[in-house]
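The values are calculated or read from the model by the stated rules, or taken from the named source; none is laboratory data. None of the values given here were measured: they were computed from a predicted structure. Note: ideal-geometry Cβ built from the backbone for every residue, glycine included; neighbour counts use all protein chains shown.
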Amino acid sequence: MPIVIRAVVESDLPAIAELFYQTVRHISPDLYTPEQTAAWAPEAGTAEGWARRFRGYEAVVAVDGEQVVGFGSVSRDGHIDMLFVHHARQREGIGAALLRRMLELAEAWRVTELHTEASLVAKGLFERFGFVVVTPEDIVRRGVVLRRFRMRRKSGCDLMKGESCG
Ligand SMILES: CC(C)(COP(=O)(O)OP(=O)(O)OC[C@H]1O[C@@H](n2cnc3c(N)ncnc32)[C@H](O)[C@@H]1OP(=O)(O)O)[C@@H](O)C(=O)NCCC(=O)NCCS
């Protein structure tokens with residue numbers, strides 16, 4: 001069945017919560033240790049909590065039939081907050097499809113610059129779409145240090161023309 005990308009609706013929230021939890025907990029220990037993933041995603045969170053997290057953002061979901069296989073969120077001031085793909089569906093192009101949709105939304109809103117805080121797992125995907133690292137940073141979650149990267153991308157830049165997007 002083809003993957004469909006659409007806006008998140010309330011009934012997606014429990015599946016999104018579970019996907020977030022399972023995806024983080026399944027990240028390779030080569031990138032984040034079990035202590036780090038436990039600090040990042042101590043629990044799935046409630047539907048209400050996720051509705052709050054998406055407030056001020058356009059949240060999009062990837063579905064395969066009835067199943068939620070990924071989600072992301074972007075704000076009108078150009079912040080990409082979330083991008084998660086089901087742990088059993090990695091490297092199938094779902095993350096790229098979600099990011100492409102968020103870039104289309106940003107373009108329609110005439111956002112001039114996008115920014116995000118990418119994990120060690122997501123950095124490669126964002127780079128593929130022209131994001132550049134502004135600075136690496138170590139944040140503390142529940143007493144545990146997590147490495148991530150502040151990244152940005154100027155709108156309208158054309159990677160195919162060799163333009164710099166940072
Ligand atoms: C990051 C994430 C969303 C990518 O989703 P995905 O569906 O697996 O990515 P795609 O299949 O669309 O990848 C497209 C391209 O991005 C790049 N890419 C994706 N994952 C990568 C990785 N782990 N390392 C290096 N490059 C990667 C590759 O160029 C890839 O193309 P290829 O598979 O032909 O080589 C997914 O790995 C994920 O959910 N990670 C855990 C959560 C997370 O870290 N979220 C980001 C918080 S900012």
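For this structure, a couple of remarks:
- Residues of the range 148-164 that turn out to be at pLDDT below 95, assigned to a strand (DSSP E or B) and within 14 Å of the ligand (Cβ to nearest atom), as a count: 0
- Helices (runs of 4 or more DSSP H) fully within the range 1-114 that include at least 2 residues being under 23 Å from ASP138 (Cα atoms): 13-25, 34-40.
Quick grid of which residues meet (1) closer than 27 Å to LEU19 by Cα; (2) surrounded by 12 or more Cβ atoms within 10 Å (Cβ to Cβ); (3) at pLDDT 95 or above:
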position	(1), (2), (3)
ARG100	yes, yes, yes
GLU107	no, yes, no
LEU114	yes, yes, yes
VAL134	no, yes, yes
LEU146	yes, yes, yes
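- Taking the criterion of being among the polar types (S, T, N, Q) and in contact (Cβ under 8 Å) with a residue 12 or more places away in the chain, the residues of the range 29-47 that qualify are GLN36, THR37, THR46.
- Checked against the criteria, GLY95 counts as modelled with pLDDT of 95 or more, near the ligand (Cβ under 8 Å from one of its atoms) and within 21 Å of ARG150 (Cβ to Cβ).
- Unique residue being modelled with pLDDT of 95 or more, farther than 18 Å from VAL69 by Cβ and surrounded by 11 or more Cβ atoms within 10 Å (Cβ to Cβ) when the list is THR23, THR37: THR37
- If the condition is being within 20 Å of ARG53 (Cβ to Cβ) and near the ligand (Cβ under 6 Å from one of its atoms), then the range 71-92 contributes LEU83, PHE84, VAL85.
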